[in-house]
Amino acid sequence: MTTLRFLTAGESHGKALTVIIEGMVAGLPLSEDDIARDLQRRQGGYGRGGRMKIEQDRAEILSGVRHGFTIGSPIALLIANRDWQNWQQEMSVLPVDNIEPVTKLRPGHADLAGVIKYGLNDVRPILERASARETAARVAFGAVSRRFLAEFGLAIHSHTVAIGGRQAKRGEAIDWDKVEASPIRCADAEAERAMMEAIDQAKESGDSLGGIFEVIATGVPVGLGSHVHWDRRLNGCIAQAMMSINAVKGVEIGAGFTLAGIRGSQAHDLIEPGKSGRQFRRGSNRAGGIEGGMSNGQPIVVRAAVKPIPTLAKPLPSVDLRTGQEAPAHIERSDICVVPAAGVIGEAMLALVLSQAFLEKFGGDNLEETRRNYKAFLESLRHHE
Ligand SMILES: Cc1cc2nc3c(=O)[nH]c(=O)nc-3n(C[C@H](O)[C@H](O)[C@H](O)COP(=O)(O)O)c2cc1C
């Protein structure tokens, strides 16, 4: 059981988002700039709505870092919500009169289940926390995890594989610079154009679009996770982390669902002799880097299906909670397609699971201690008789 964990707090139009990270090693170099880059990447992507033009996310480090290095104590981060200026009455901590409740339920959102579960006559308290604004806090945490993993040569990237049924071609190697430069986070120029057109069409008709993103972790050592218990299986932990992202409805590791339709002789990645000792070669990676709940030294490849977001400019027919009568769903300023942003959030969630598993295996309260343990493990693979 790892001790690395994080908690977030904050409403979409509240004053700020906060994150507390506990269990990160001491001695890790960390700056606000390390976090800023990922926050910016989450805000981008063709198809985002007006909110992202208002916010320019930056995490302020409140604690846990001294003179540029983590000190082992909880790291607290604060991300201000600029839009709060416009919502001070609606989101006031003190009682305020004459606030119009949100009562027209949006199909596909947390509205209906939330008001019933929490006994409310207003959807606002539900939608404020169900909003994916919270994922900015996750991305801030993910940037800290990514910084830790980078010390050991692990890197995590994401790209858009499909939007509204428009698929990117599968190249041999993915050009990550092209992905980062693409407004849709897709290196295939033809697919990029088709996806952007699809978003434009959806926007024109007041609709929304979903798609698929892929997250890839490289430099992952053998042996993260375990086969011995359901909750220690790395693929299970990754699937849970990905499914926790708003609007994600499916997760696949490696060839995933394709494996279900092919023969065993075609499905598995052959094991070939490697350089020496306990090092082996694999000619393919249909397993997506995980066998028996453990990383096998290959890149970890995860895909997630994102549904079209529920708030539509041309609202779906629904019901008004106040009257119980039919009414069009509530309209809140909204994105049209969030697949590129969801990929960046997927990176953060994979960074969380991998840094937890890494610390579980190699331990250490400070970076040097973890490094020594990791080096000793790598040495043992080279010299094993
Ligand atoms: C980055 C991102 C941005 C999102 N923006 C919106 C939005 O503007 N409007 C909306 O209705 N849903 C948006 N969603 C999706 C909702 O947050 C999500 O559908 C809702 O919380 C219900 O949860 P579920 O889809 O996981 O069941 C967004 C999701 C992500 C990942």
- From the list 144, 161, which residue is at pLDDT 95 or above, β-branched (Val, Ile, Thr), within 16 Å of the ligand (Cβ to nearest atom) and outside any loop (DSSP other than H, G, I, E, B)? 161
- Mind checking which residues of region 66-109 are more than 27 Å from the chain's Cα centre (by Cα) and aliphatic (A, V, I, L, M)? 93, 94, 96, 99, 102
- Note on the structure: Pairing a residue in region 200-229 that is touching a residue at least 12 places away in the same chain (Cβ under 8 Å) and of a type in the set (Phe, Trp, Tyr) with any residue that is in a helix (DSSP H, G or I) and surrounded by 16 or more Cβ atoms within 10 Å (Cβ to Cβ), where Cβ atoms lie under 6 Å and the two sit 6 or more apart in sequence or on different chains, gives 213/339; 213/342; 213/343; 213/346
- Query: Given the structure, is residue 314 open to solvent by 40 Å² or more (accessible area, probe 1.4 Å) and not in a loop (DSSP other than H, G, I, E, B)?
  - Reply: no
- Note on the structure: Picking from 220, 228, the residue that is open to solvent by 20 Å² or more (accessible area, probe 1.4 Å), in a loop (DSSP other than H, G, I, E, B) and within 17 Å of residue 296 (Cα to Cα) would be 228
- Message: When you scan region 299-310, do you find a residue that is open to solvent by less than 20 Å² (accessible area, probe 1.4 Å), in contact with a helix residue (DSSP H, G or I) (Cβ under 8 Å, 6 or more places away or on another chain), at pLDDT 95 or above and more than 16 Å from the ligand (Cβ to nearest atom), even just one?
- Response: yes
- Item | Residues being open to solvent by less than 40 Å² (accessible area, probe 1.4 Å), outside any helix (DSSP H, G or I) and of a type outside the set (Ser, Thr, Tyr) - total across region 185-211 | 8
- Item | Cross-chain or 6+ apart pairs with Cβ under 7 Å, region 364-385 first and free of Cβ contacts under 8 Å to residues at least 40 places away in the same chain, then open to solvent by less than 80 Å² (accessible area, probe 1.4 Å) | 373/362; 373/363; 373/364
- Here are some conditions: (1) under 21 Å from residue 115 (Cα atoms); (2) within 16 Å of the ligand (Cβ to nearest atom). Residue 314 meets all but one. Which one does it not meet? (1)
- Do the conditions hold for residue 288, that is, is it over 23 Å from the mean Cα position of the chain (by Cα), in a loop (DSSP other than H, G, I, E, B) and not β-branched (Val, Ile, Thr)? no
- The lone condition residue 306 fails out of (1) closer than 29 Å to residue 216 by Cβ; (2) in contact (Cβ under 8 Å) with a residue 40 or more places away in the chain; (3) touching an Asp or Glu at 6+ places or on another chain (Cβ under 7 Å) is (3)
- How many residues are open to solvent by 20 Å² or more (accessible area, probe 1.4 Å) and either within 20 Å of residue 298 (Cβ to Cβ) or away from the ligand (no atom under 16 Å from the Cβ) (or both) when one looks only at region 333-358? 1
- Task: Among the residues of region 102-121, write down those that are more than 16 Å from the ligand (Cβ to nearest atom), in contact (Cβ under 8 Å) with a residue 24 or more places away in the chain and open to solvent by 40 Å² or more (accessible area, probe 1.4 Å).
- Result: 121
- Message: Of the residues 365, 335, only one is closer than 19 Å to residue 127 by Cβ and charged (D, E, K, R); which?
- Response: 335
- Message: If the requirement is being within 13 Å of the ligand (Cβ to nearest atom), acidic (Asp, Glu) and either part of a helix (DSSP H, G or I) or within 16 Å of the chain's Cα centre (by Cα) (or both), which of these qualifies: 214, 180, 134?
- Response: 134
- Taking residue 127, is it at pLDDT 95 or above, within 16 Å of the ligand (Cβ to nearest atom) and touching an Asp or Glu at 6+ places or on another chain (Cβ under 7 Å)? yes
- Note on the structure: Going through region 240-274 in order, the residues found to be part of a helix (DSSP H, G or I) and either open to solvent by 40 Å² or more (accessible area, probe 1.4 Å) or free of Cβ contacts under 8 Å to residues at least 24 places away in the same chain (or both) are 240, 243, 257, 258, 259, 264, 265, 266, 267
- Residue list for region 321-332, filter: in a strand (DSSP E or B), in contact (Cβ under 8 Å) with a residue 12 or more places away in the chain and more than 33 Å from the chain's Cα centre (by Cα): 327
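The values are calculated or read from the model by the stated rules, or taken from the named source; none is laboratory data. Given the structure is predicted, the values throughout are model-derived calculations rather than measurements. A quick note on method: Cβ atoms are made from the backbone with ideal geometry, for glycine too, and the neighbour counts reach across all protein chains shown. All accessible areas refer to the heavy atoms of the entire protein, side chains included, with ligands and DNA or RNA removed. Shrake-Rupley method; radii C 1.70, N 1.55, O 1.52, S 1.80 Å.
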